[in-house]
Structures are given as structure tokens and as C-alpha cells.
Amino acid sequence: LCHALSDLARRLGVAVVATNNVHYAEADGYIAHDLLRCIGAGVTMATPHASRPFNSERYLKSAMEMRALFEAYPEAVASTLAIAGRCGDALPTGEEITPRYE
């Protein structure tokens with residue numbers, strides 16, 4: 001699929017970007033995300049259901065991780081980094097932003 005999309009982008013004269021489905025900021029956010037999905041579905045963490053992610057890879061990856069994932073498409077990573085460089089840092093870092101429940 002990546003080869004087909006890359007070829008299509010070349011034919012259309014548009015840039016290809018490397019993306020990752022992001023649901024939480026850091027890799028260790030998987031368990032909290034999974035727990036929230038279970039709460040939303042009304043099931044326990046031991047119960048499989050369709051709205052749970054299949055793995056813990058849905059975090060915001062670093063440039064180095066994206067380069068490794070898209071090593072066959074360095075132009076896609078370069079385009080993504082160029083776009084990121086034009087964006088402001090809007091996410092708070094180093095602070096807890098989820099509600100605390102007793």
C-alpha cells in the first residue's frame with residue numbers, strides 16, 4: 001500500500017507524509033487509554049471488545065522512531081518534519097492532564 005500511495009503522490013506532484021495513528025502522547029499511556037476505553041464500553045480490562053486497540057503503538061512517536069518505521073520513505077519523514085516545524089507547541093508537557101478519581 002505504501003508503494004502505491006508513494007507512486008500516486010509522485011504522479012500527482014504532491015508530497016507524501018509519514019503518519020501514525022495517535023491516541024496518547026507517550027508509549028506508557030497505553031494502559032490508561034485502554035482503561036478509559038473499557039470504562040466507556042462498560043467492560044473489564046479482561047474482556048476483549050472491538051473498541052480496544054490491538055497494540056500499544058498508538059502513541060506520538062519521535063522523529064527517530066518515525067524514521068525507522070518509514071525507512072523506505074525518507075521523503076515522507078522529511079515532509080512530516082517540515083510540517084511539524086511550522087506548528088506551534090500546543091500540548092502541555094510534563095503535567096498530568098487527566099482527571100483524578102477517588
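Just a few scattered comments:
- Enumerated helices (runs of 4 or more DSSP H) restricted to the range 1-95, each holding at least 2 residues that are touching a strand residue (DSSP E or B) at 6+ places or on another chain (Cβ under 9 Å), on the phi < 0 side of the Ramachandran plot and open to solvent by less than 80 Å² (accessible area, probe 1.4 Å): 30-41
Okay, residues lined up against (1) touching an Asp or Glu at 6+ places or on another chain (Cβ under 8 Å); (2) at pLDDT 90 or above; (3) more than 21 Å from GLY94 (Cα to Cα); (4) among the polar types (S, T, N, Q):
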position	(1), (2), (3), (4)
GLU26	no, no, no, no
ILE39	no, no, yes, no
TYR59	yes, yes, no, no
ALA68	no, yes, yes, no
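The values are calculated or read from the model by the stated rules, or taken from the named source; none is laboratory data. In this text, all values refer to a predicted model and were calculated from it rather than measured experimentally. Note that each Cβ is placed from the backbone with ideal geometry, even for glycine, and that neighbours are counted across all protein chains shown. Surface accessibility is based on the protein's heavy atoms, side chains included, excluding ligands, DNA and RNA. Shrake-Rupley method; radii C 1.70, N 1.55, O 1.52, S 1.80 Å.
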